[in-house]
Amino acid sequence: MKRGLAFLKYLAVCIAVITLFACEHSSPENQFSGYIEAEYVYVSALESGWITTNAVREGDMVEEGQVLLTLDETRQFIELKAAKEQVEKAQAQYQDLVTGARPDEINRLNAQRKEAIAARALAGVERRRLAALRTKGATAQSSVDQAIAEFNAADARVDSIDAEIRLAKSASRENTIVAAKAALNITKTAVDSAQWRLDQRTVYARRAGRVEQVYFRQGEQVAAGAPILALLPDDALKVRFFVPQSKLANFPIGMTVSVKQDGVTEPVTAQVAYIANGPEYTPPVIYSVASRQKLVFLIEAALKPGSALRPGQPVDVLLTGMSND
């Protein structure tokens, strides 16, 4: 009886050892569990405003340059109109400085010149008449001096009007024209800036992809820089998985791995693009030979477009042994 019990105990131990050995070798050494993660493109507007139209819905495929949404443009139209009016004002001021006085101003100065010439001629006649009377002693010297002074003043008046005419016909000083030209260019730049701000009220897709989520819709107010919708480009999927530190050397950057999903026979390939700088482990342990077996490193492998995998989907990663280095 004792021999029978001893035999049964021996048999049970053998079965346990065989079972443990089989379990350890039933899971492939080069297979690791992971999951799919996406690098979304979050679309936002440069300035706040009300959404006037949503051109896409969740699940839509969009191309680069396609309109995604529009924002209210009232303020931007007003700013653009004001900027254009400033250009017209600066252009007129610059043109006045370049071309000089208008014809009506020149005509007015010419009329004043004729009047001044007539006054000078009359003063000349009076000066000569009084000078003749003085030689006869018929008038005082003070009257002659007064007539000479009036003639000189009339003559100076003619010279002054001639100078005004020359100035009116010529352009303004060079520095004044340069300053006016710079002011005109500044107003033109302001128009370009206002036009650009108006254009930004229409938001376009900067990359092709699928609309994953729409956060704001028509009639809602959005803040500048706040995500309005999320795009998933076709090449933005990656698989994240952890490998023991003892296997880390088998996964150099550029290594090709196979990614298998449930229910699909044929795996897809991915290329190792990132390896974490430090390990992760729980619970906290010291780096003994035994504890090193608990250390794992995060690895990310980029999936090729068209994998048909979805973010968050669990997968198995298999080491294929190929490297693109």
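The values are calculated or read from the model by the stated rules, or taken from the named source; none is laboratory data. These numbers come from a predicted model, not from an experiment. Here Cβ is always computed from backbone atoms with ideal geometry, including for glycine, and neighbour counts include all displayed protein chains.
At a glance:
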read-out	value
Test: residue in region 127-134 that is assigned to a helix (DSSP H, G or I), modelled with pLDDT under 90, small (Gly, Ala, Ser) and surrounded by fewer than 16 Cβ atoms within 10 Å (Cβ to Cβ)	yes
Selection count, region 221-238, where residues are closer than 15 Å to ALA308 by Cβ and either without any contact (Cβ under 8 Å) to a residue 60 or more places away in the chain or not in a loop (DSSP other than H, G, I, E, B) (or both)	3
Any hit, region 254-261, residues being closer than 30 Å to LEU295 by Cβ, modelled with pLDDT under 95, outside the structural domain of GLU58 (by TED's automatic domain parsing) and part of a loop (DSSP other than H, G, I, E, B)	yes
Some residue of region 68-77 being in contact with a helix residue (DSSP H, G or I) (Cβ under 8 Å, 6 or more places away or on another chain), over 30 Å from GLN218 (Cβ atoms), surrounded by fewer than 17 Cβ atoms within 10 Å (Cβ to Cβ) and not acidic (Asp, Glu)	no
Of all residues making up region 99-118, the number that are within 25 Å of LYS188 (Cβ to Cβ) and surrounded by 12 or more Cβ atoms within 10 Å (Cβ to Cβ)	1
Whichever residue in region 213-249 is in contact with a Gly (Cβ under 8 Å, 6 or more places away or on another chain) and not hydrophobic (A, V, I, L, M, F, W, C) and, among such residues, is surrounded by the fewest Cβ atoms within 10 Å (Cβ to Cβ)	GLN221
Test set (1) over 12 Å from THR202 (Cα atoms); (2) surrounded by fewer than 17 Cβ atoms within 10 Å (Cβ to Cβ) - VAL62 fails condition number	(2)
Restricting region 162-199 to residues that are in contact with an Asp or Glu (Cβ under 9 Å, 6 or more places away or on another chain) and modelled with pLDDT under 80, the residue that is farthest from LEU46 (Cα to Cα)	ALA168
Residue under evaluation TRP50, criteria (1) part of a loop (DSSP other than H, G, I, E, B); (2) at pLDDT 80 or above, criterion not met	(1)
Cβ pairs under 9 Å, 6+ apart, first in region 159-174 and under 17 Å from GLU115 (Cβ atoms) and loosely packed, with under 10 Cβ neighbours inside 10 Å, second at pLDDT 85 or above and β-branched (Val, Ile, Thr)	none
From VAL203, VAL191, residue being surrounded by 16 or more Cβ atoms within 10 Å (Cβ to Cβ), in a helix (DSSP H, G or I) and of a type outside the set (Ser, Thr, Tyr)	VAL191
Some residue of region 137-145 being of a type in the set (Val, Ile, Thr), touching a residue at least 40 places away in the same chain (Cβ under 8 Å) and either surrounded by fewer than 17 Cβ atoms within 10 Å (Cβ to Cβ) or assigned to a helix (DSSP H, G or I) (or both)	no
